1. Going residue by residue through the range 185-193, is there one that turns out to be over 19 Å from the mean Cα position of the chain (by Cα) and open to solvent by less than 30 Å² (accessible area, probe 1.4 Å)?
2. Name the single residue, out of those in the range 1-51 being of a type in the set (D, E) and open to solvent by 70 Å² or more (accessible area, probe 1.4 Å), that is nearest to N93 (Cα to Cα).
3. Taking the residues in the range 9-21 that are in a strand (DSSP E or B) and β-branched (V, I, T) as candidates, determine which candidate is farthest from A196 (Cα to Cα).
4. Within the range 70-95, which residues are open to solvent by less than 20 Å² (accessible area, probe 1.4 Å), assigned to a helix (DSSP H, G or I) and either of a type in the set (F, W, Y) or more than 18 Å from T43 (Cα to Cα) (or both)?
5. Does H113 fit the bill of being open to solvent by 70 Å² or more (accessible area, probe 1.4 Å) and in contact with a strand residue (DSSP E or B) (Cβ under 7 Å, 6 or more places away or on another chain)?
6. So how many residues does the range 22-69 have that are over 26 Å from K160 (Cβ atoms) and not in a strand (DSSP E or B)?
7. Exactly one of these conditions fails for D57: (1) touching a residue at least 24 places away in the same chain (Cβ under 8 Å); (2) more than 13 Å from Y106 (Cα to Cα); (3) open to solvent by 50 Å² or more (accessible area, probe 1.4 Å). Give me its number.
8. Among the residues of the range 140-194, count how many are touching a Cys at 6+ places or on another chain (Cβ under 9 Å) and small (G, A, S).
Amino acid sequence: FYGTLHVTQGEDGTLAAIERTLYNGVISHGQEIFRVDLSETPTTYYGRESGVGLAIDRCCTGRHRRIGVIGLGAGTIAAYGEPGDTIRFYDINPAVEGIARTKFRYLRDSPAHVDVVIGDARVSLASEPPQRYDVIAVDAFSGDAIPVHLIDAQALDVYKRHLAPGGIVAFHVSNRYLNLKPVVAQLAAREGMKVAYIS
């Protein structure tokens, strides 16, 4: 129902390592490099210099972090976890969790407390008590059929209810078909929130 998932594996000659990638149709939903010194490295659009990478690394120095992630994929954001952190993933497709847990090591190897909530993220968040997330990463918009209900004013109200003071909502707006930057900018302006675009 949610599209075809498949995992590819090949050798990266530059890194001299095996790499494994999760695809939903033709869209990559995470990649892991299987080399000991790179096993905890967040890859692709979740690298340390990405918007979500900067948000997580700089949100709350000196204390444990609470991170909410809409869109599990390979579980790459779990690579940011440190002992005492909590990372909760939300994904609508139950098949994704099975793949993330058996074909990739991010969830298993993270020193953070990691859990996965299966179901529509907005519905799940609406039914939970405030989670006080330091960062909510929203990554559900890379395909050609975006879930608009995760990027509207009502969704932002739900996210804000779950933010800790000074918390960050990080939208991954890369999309081949739609320019989502102005949508997020409008949402932020409506709420009086600061907005930044990181490429």
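The values are calculated or read from the model by the stated rules, or taken from the named source; none is laboratory data. What you see is a predicted model; the values in this text were computed from it and never measured. For neighbour counting, all protein chains shown are included, and Cβ atoms are generated from backbone atoms with ideal geometry for every residue, glycine included. For accessibility, only protein heavy atoms count, side chains too; no ligands or nucleic acids. Shrake-Rupley method; radii C 1.70, N 1.55, O 1.52, S 1.80 Å.
1. Yes, that holds for at least one residue.
2. Among residues in the range 1-51 that are of a type in the set (D, E) and open to solvent by 70 Å² or more (accessible area, probe 1.4 Å), the one nearest to N93 (Cα to Cα) is E40.
3. Checking each candidate, the answer is I18.
4. Result: Y80, single match.
5. yes
6. 14
7. Of the numbered conditions (1) touching a residue at least 24 places away in the same chain (Cβ under 8 Å); (2) more than 13 Å from Y106 (Cα to Cα); (3) open to solvent by 50 Å² or more (accessible area, probe 1.4 Å), the odd one out for D57 is (1).
8. Selection size over the range 140-194: 3.
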